[in-house]
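The values are calculated or read from the model by the stated rules, or taken from the named source; none is laboratory data. Please read these numbers as outputs of a predicted model, since none were measured by experiment. Counting neighbours? That spans all protein chains shown, and the Cβs are built from the backbone with ideal geometry, glycine included. Note: accessible area is taken over every heavy atom of the protein model, side chains too, but ligands, DNA and RNA are not part of it. Shrake-Rupley method; radii C 1.70, N 1.55, O 1.52, S 1.80 Å.
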Amino acid sequence: MRIDQLSGKKMKQKVDDYLKLHGLGLLFEGMTAALLLHKPAEPCKFLAEYLTGLQSQGAQPALTREELRIMFGMFDVTEKGTVSVAQANQALKTLVGQDADLQSKDAALRPDKTLGCEVFVAQMHGALRAAAPTLAEAAK
């Protein structure tokens with residue numbers, strides 16, 4: 001079946017499957033966070049070097065705590081200093097796949113609750129570290 005013959009839902013699923021298979025959600029988030037953190041004068045050159053560095057290391061990007069703080073700021077659109085657990089879960093699913101869930105590690109993290117920046121960073125950092133073996137396998 002040609003790609004232009006797929007329905008919107010099937011197309012989205014194919015895209016999601018591809019992103020998850022290759023760990024691209026984490027790659028794109030890492031690239032975006034690195035750009036926002038470093039604000040290079042030559043962003044394309046910076047990204048080329050970023051990707052070359054990853055390739056030479058043979059690793060998936062690990063978001064630093066500072067990059068996770070930037071991500072928090074991107075989700076905190078109301079600038080209240082909080083994001084919902086549902087938002088954090090969606091970010092995690094984008095990064096590591098649809099099976100990811102912060103609540104599986106901590107039952108107190110109900111979707112209606114909110115997280116401050118440092119709690120968001122700690123929760124996401126832990127979840128990304130836990131997912132690292134899965135991402136490494138997807139990169140092979």
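Numbers below:
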{"quantity": "Members of the stretch 62-88 found to be open to solvent by less than 10 Å² (accessible area, probe 1.4 Å) and either out of contact with any helix residue (DSSP H, G or I) (no Cβ under 9 Å at 6 or more places or on another chain) or free of Cβ contacts under 8 Å to residues at least 40 places away in the same chain (or both), listed by number", "calculated": "83, 85, 88"}
{"quantity": "The stretch 100-123: number of residues that are open to solvent by less than 20 Å² (accessible area, probe 1.4 Å) and at pLDDT 90 or above", "calculated": "3"}
{"quantity": "Hits in the stretch 72-105 (condition: of a type in the set (Asp, Glu) and within 26 Å of residue 21 (Cα to Cα))", "calculated": "99, 101"}
{"quantity": "Residue that is farthest from residue 120 (Cα to Cα), among those in the stretch 46-91 that are assigned to a loop (DSSP other than H, G, I, E, B), of a type outside the set (Ser, Thr, Tyr) and modelled with pLDDT under 85", "calculated": "58"}
